[in-house]
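The structure appears below as structure tokens.
The values are calculated or read from the model by the stated rules, or taken from the named source; none is laboratory data. Given the structure is predicted, the values throughout are model-derived calculations rather than measurements. Cβ coordinates were reconstructed from backbone atoms using ideal geometry, including for glycine residues, and neighbour counts include every protein chain displayed. Quick note on the areas: whole protein, heavy atoms, side chains included, nothing else; ligands and nucleic acids left out. Shrake-Rupley method; radii C 1.70, N 1.55, O 1.52, S 1.80 Å.
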Amino acid sequence: MEPAPDVNKSEKNLPKSTRTTLAQLRSGYSSSLYSYLHRINPTIYPTDDCPDCGQSTHTTVHLFECPVKPTSLTPRSLWEDPRGAATFLGLPTHGAVVL
């Protein structure tokens, strides 16, 4: 496994909430992922399946491979193209920016 790339400096221009979500998705510890929610509370989240396609575990990798939401982006885009990843994921890309 290779080390993670540096995060593109353009991420600094995104709202703090978006930057936080992107960082969580990079780590796999995100409340946006059913795989994480199921791991921490299987009673409330009895499945880790993708809510869109139901065909695979809902992980960061699957977000970029889900057949219901095709994209040319990859998980590496979270580092190299944070604005593109945020746009694809429906996260805010404008608003209050904290540097």
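Please state, rounded to one decimal and in Å, the Kirkwood hydrodynamic radius that the range 1-50 gives when every pair of distinct Cα atoms enters the mean of 1/r.
12.5
So what is the relative contact order for the chain, in percent, with contacts set as C-alpha pairs under 8 Å and at least six apart?
36
Ranked highest first by average number of other Cβ atoms within 10 Å, how do 87-95, 58-66, 72-80 line up?
By packing density, highest mean first, the sequence is 58-66, 72-80, 87-95.
Quantify, in whole percent, the carbon and sulfur part of the accessible surface of the chain (1.4 Å probe; protein heavy atoms only).
Of all accessible area on the chain, carbon and sulfur atoms account for 53 percent.
Please report, to two decimal places, log10 I(q)/I(0) for the range 24-78 at q = 0.17 Å⁻¹ as given by the Debye formula with identical point scatterers on the Cα atoms and no solvent.
-0.49
Counting Lys and Arg as +1 and Asp and Glu as -1, each charge on the Cβ, what is the dipole of the chain about the Cα centre in debye, to the nearest 20?
380
What does the helix-only formula give at 222 nm for the chain: each DSSP H stretch with n ≥ 4 adding -39500 (n - 2.57), the total divided by the residues, and the result rounded to the nearest 500 deg cm²/dmol?
-9000 deg cm²/dmol
Taking a temperature of 10 °C and a viscosity of 1.306 mPa s, what whole-number D in µm²/s does Stokes-Einstein yield for the chain with Rh from Kirkwood over alpha carbon pairs?
113
State in Å² the accessible area per residue of the chain; use a 1.4 Å probe, count heavy atoms of protein chains only, and round to the nearest integer.
62
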